[in-house]
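The values are calculated or read from the model by the stated rules, or taken from the named source; none is laboratory data. These numbers were taken from a predicted model, which means no experiment stands behind them. A quick note on method: Cβ atoms are made from the backbone with ideal geometry, for glycine too, and the neighbour counts reach across all protein chains shown. Just so you know, the surface numbers come from the protein's heavy atoms only, side chains and all, with ligands and any DNA or RNA stripped out. Shrake-Rupley method; radii C 1.70, N 1.55, O 1.52, S 1.80 Å.
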Amino acid sequence: MRDSKRLFFGISVPETCRQSLIQWRAETFSAEAGRPVAAANLHLTLAFLGDVSGEKSSALQQLAARIQQPAFTLTLDDAGHWPRSGVVWLGPKQAPRGLIQLAQLLRSQAARSGCYQSPLPFHPHVTLLRHVMQPVPLPPRNFSWQFRVERFALYQSVTAQGRTRYDEIAGWALT
């Protein structure tokens, strides 16, 4: 699969929220806690696709373009640490119905197109830190960021010189 790209559908965290999250993360977690995710990479994955051929990518984009879904508000008011994957994350205590529906649509389309989908339930989150191998104190739940989700996109994960960035390939508005 020479022309394959590592792809996922996701929602980007808006710039104003992103800057606030970065500042909060720096104030909340020690520099030794783990590797911070770059500000430009803060996102919420809706469906991970893996390595996908150009042909399959085009088909998935056509399917995504047909989705008719209303915009919704996302609140990040929960945090956690997954020791096995070494991830510290932020997410919603209660995921909005629109978010769950959008993720289910994209994941089912991806599965029908031959992209492996994890059998684990969808757990919407924004990864803040990676490689967190020791327990970290989580902050009291007195934080909350809210933003309107009016679009989703297909991203390519590109790794060069030891750094990863996510390039948007295509995006779609929510109605």
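Tabulated results
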quantity: Where Val87 falls short, out of the listed (1) under 20 Å from Val37 (Cβ atoms); (2) among the β-branched types (Val, Ile, Thr); (3) open to solvent by 20 Å² or more (accessible area, probe 1.4 Å); (4) free of Cβ contacts under 8 Å to residues at least 60 places away in the same chain; calculated: (3)
quantity: Filtered residues of segment 43-53 (kept if over 16 Å from Arg130 (Cβ atoms) and either open to solvent by less than 30 Å² (accessible area, probe 1.4 Å) or polar (S, T, N, Q) (or both)); calculated: Leu46, Ala47, Leu49, Gly50, Val52, Ser53
quantity: Meets criteria (in contact with a helix residue (DSSP H, G or I) (Cβ under 6 Å, 6 or more places away or on another chain) and in contact (Cβ under 8 Å) with a residue 12 or more places away in the chain) for Leu76; calculated: no
quantity: Residues of segment 90-125 satisfying the condition of being open to solvent by 20 Å² or more (accessible area, probe 1.4 Å) and either among the hydrophobic types (A, V, I, L, M, F, W, C) or in contact with a Pro (Cβ under 8 Å, 6 or more places away or on another chain) (or both); calculated: Ala95, Ile100, Leu105, Ala111, Leu120, Phe122
quantity: Residue ID - least open to solvent (accessible area, probe 1.4 Å), chosen from residues in segment 159-172 that are free of Cβ contacts under 8 Å to residues at least 40 places away in the same chain and within 20 Å of Thr45 (Cα to Cα); calculated: Gly171
quantity: Test result for Leu76, buried (at least 19 other Cβ atoms within 10 Å of the Cβ) and under 29 Å from Met133 (Cβ atoms); calculated: yes
quantity: Near pairs, Cβ below 6 angstrom, 6+ apart or cross-chain, from segment 1-13 (modelled with pLDDT under 95 and part of a strand (DSSP E or B)) to any residue that is open to solvent by 10 Å² or more (accessible area, probe 1.4 Å) and among the polar types (S, T, N, Q); calculated: Lys5/Gln156; Arg6/Ser157
quantity: Selection status of Tyr116, closer than 25 Å to Gln61 by Cβ, among the hydroxyl-bearing types (Ser, Thr, Tyr) and touching a Phe, Trp or Tyr at 6+ places or on another chain (Cβ under 7 Å); calculated: no
quantity: Answer from Ala64, Ala59, Ala40, Ala26 - the residue that is open to solvent by less than 20 Å² (accessible area, probe 1.4 Å) and not charged (D, E, K, R); calculated: Ala64
quantity: Some residue of segment 92-106 being out of contact with any strand residue (DSSP E or B) (no Cβ under 8 Å at 6 or more places or on another chain) and basic (Lys, Arg); calculated: no
quantity: Enumeration of residues in segment 30-52 that are part of a strand (DSSP E or B) and either under 30 Å from Ser113 (Cβ atoms) or within 8 Å of the chain's Cα centre (by Cα) (or both); calculated: His43, Leu44, Thr45, Leu46, Ala47, Phe48, Leu49, Gly50, Asp51, Val52
quantity: Members of segment 126-146 that are surrounded by 17 or more Cβ atoms within 10 Å (Cβ to Cβ) and closer than 28 Å to Gln69 by Cα; calculated: Val126, Thr127, Leu128, Trp145
